[in-house]
1. Please tell me if residue 100 is out of contact with any Asp or Glu (no Cβ under 9 Å at 6 or more places or on another chain), surrounded by 13 or more Cβ atoms within 10 Å (Cβ to Cβ) and within 28 Å of residue 130 (Cβ to Cβ).
2. Can you confirm whether the stretch 80-96 contains a residue that is part of a strand (DSSP E or B) and free of Cβ contacts under 8 Å to residues at least 24 places away in the same chain?
3. If the Cβ limit is 6 Å and pairs must be 6+ apart or interchain, which residue in the stretch 23-38 that is touching a residue at least 40 places away in the same chain (Cβ under 8 Å) and under 16 Å from residue 119 (Cα atoms) pairs with which residue that is buried (at least 16 other Cβ atoms within 10 Å of the Cβ) and charged (D, E, K, R)?
4. Does residue 128 meet the test of being over 25 Å from residue 25 (Cα atoms) and basic (Lys, Arg)?
5. In the stretch 46-59, what residues are in contact (Cβ under 8 Å) with a residue 12 or more places away in the chain and either of a type outside the set (D, E, K, R) or under 28 Å from residue 16 (Cα atoms) (or both)?
6. Quick one: would you say residue 46 is under 22 Å from residue 4 (Cβ atoms) and among the acidic types (Asp, Glu)?
7. Give the stretch 114-136 a look and list any residue that's within 14 Å of the chain's Cα centre (by Cα) and in contact (Cβ under 8 Å) with a residue 24 or more places away in the chain, or say none.
8. Go through the stretch 13-37 and give me each residue that's at negative phi and part of a loop (DSSP other than H, G, I, E, B).
Amino acid sequence: MKYLVMVLGSQADYEAMSGNPSEGSPAWGEKDMREMFAFMESVNNDLAESGEMVEGHGLGEPAGTRAVLPGPDGRPVVTDGPYGETKEQLAGYWVLDCESLERVTEIAARIGLCPQPEGAPVYPVLIRPIMDDAGC
């Protein structure tokens, strides 16, 4: 079965990774970034080797978000992010093909151990089943 595994972050987290800390998001140093990238590369390599990786990507900062909604006259209403009412946003994802929910949960638990600076916010790793043509 295929699953979407998602990691979250905030605009403040992206800024902290660029060396601009804020309350609750300490600055990431070069060593912190190297450790995080090495960890994610290891996860990705293991998932590719096991055949479970379908695809995965990190996403740009929330400030680059654009929302498109239908306006009352049917023309699109476009707004740019970040959005203050949404604290955490999608920061990256994997599409995985795993034999069970238990297996994808093991993978999510590993992803949750990604190194980061002390005091950085901890977000859950989210798992959602991907619906197929049969509805599951």
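The values are calculated or read from the model by the stated rules, or taken from the named source; none is laboratory data. What you see is a predicted model; the values in this text were computed from it and never measured. Reconstructed Cβ throughout: ideal geometry from the backbone, glycine too, with neighbour counts over all protein chains shown.
1. Numbers: out of contact with any Asp or Glu (no Cβ under 9 Å at 6 or more places or on another chain): yes; surrounded by 13 or more Cβ atoms within 10 Å (Cβ to Cβ): no; within 28 Å of residue 130 (Cβ to Cβ): yes.
No: the conditions fail for residue 100.
2. From the stretch 80-96, those part of a strand (DSSP E or B) are 80, 89-96; that's our starting set.
Narrowing the set further to residues that are free of Cβ contacts under 8 Å to residues at least 24 places away in the same chain leaves 80.
Yes.
3. 25/13
4. Working: over 25 Å from residue 25 (Cα atoms): yes; basic (Lys, Arg): yes.
Taking the combined requirement at face value, the residue satisfies it.
5. Residues of the stretch 46-59 in contact (Cβ under 8 Å) with a residue 12 or more places away in the chain: 47, 51-59.
Of everything in the stretch 46-59, those that are in contact (Cβ under 8 Å) with a residue 12 or more places away in the chain and either of a type outside the set (D, E, K, R) or under 28 Å from residue 16 (Cα atoms) (or both) turn out to be 47, 51, 53, 54, 55, 56, 57, 58, 59.
6. Numbers: under 22 Å from residue 4 (Cβ atoms): yes; among the acidic types (Asp, Glu): yes.
Considered against the rule, which asks whether it is under 22 Å from residue 4 (Cβ atoms) and among the acidic types (Asp, Glu), residue 46 comes out as yes.
7. Residues of the stretch 114-136 within 14 Å of the chain's Cα centre (by Cα): 114, 121-128.
Within the stretch 114-136, 114, 121, 123, 124, 125, 126, 127, 128 meet the criteria.
8. Initially, the stretch 13-37 is screened for residues at negative phi, giving 13-18, 20-23, 25-37.
Correct list: 18, 20, 21, 23, 26, 27, 28, 29.
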